[in-house]
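First the structure, in the form of structure tokens, and then the observations on it.
Bear in mind that the values in this text are calculations on the coordinates, not laboratory data. Given the structure is predicted, the values throughout are model-derived calculations rather than measurements. Please note: Cβ atoms are built from the backbone with ideal geometry, for glycine as well, and neighbour counts cover all protein chains shown.
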């Protein structure tokens, strides 16, 4: 994983995506930080509360909408759990490798 290459490719993708808003970006970077802390191992385990706190999202509806849209647009793979004692899983795609594969 090359974080600088990943972020450069991500920014290019975000610029082109007209449906991405600041809340999506904030949530993505909170997820990215947890991925970084976990040495870029997938999937990461998260809780809604910690993600809302770190991304400064105050509404559950906004949080769930952003997670769904990030998933649908291919930025992440979100695997929610409905068990309150177990965190949801999120797989973040390595955009630094994706660009290499396209060339």
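General remarks:
- Fluctuation leader among 42, 19, 71 - the chain, Gaussian network, Cα springs under 10 angstrom: 19
- Two-site label geometry, residue 77 and residue 13: point separation in nm, points 7 Å out along Cα→Cβ: 1.3 nm
- Sorted by Cβ neighbour density within 10 Å, fewest at the top, the residues 13, 68: 68, 13
- With neighbour counts taken as other beta-carbon atoms within 10 Å, the residues 52, 67, 1 rank, fewest first, as 1, 52, 67.
- Among 20, 44, 76, the residue with the largest mean-square fluctuation in a Gaussian network model of the chain, with springs joining Cα atoms closer than 10 Å, is 20.
- For the chain, convex hull volume per residue from C-alpha positions, Å³: 100 Å³
- Segment residue 29..residue 93, full-extension length gain: 21.7 nm, with 0.36 nm per residue of separation and the alpha-carbon distance subtracted.
- Nearest 10 degrees, 0 to 90: helix 60-72 Cα axis against the chain principal axis: 30 degrees
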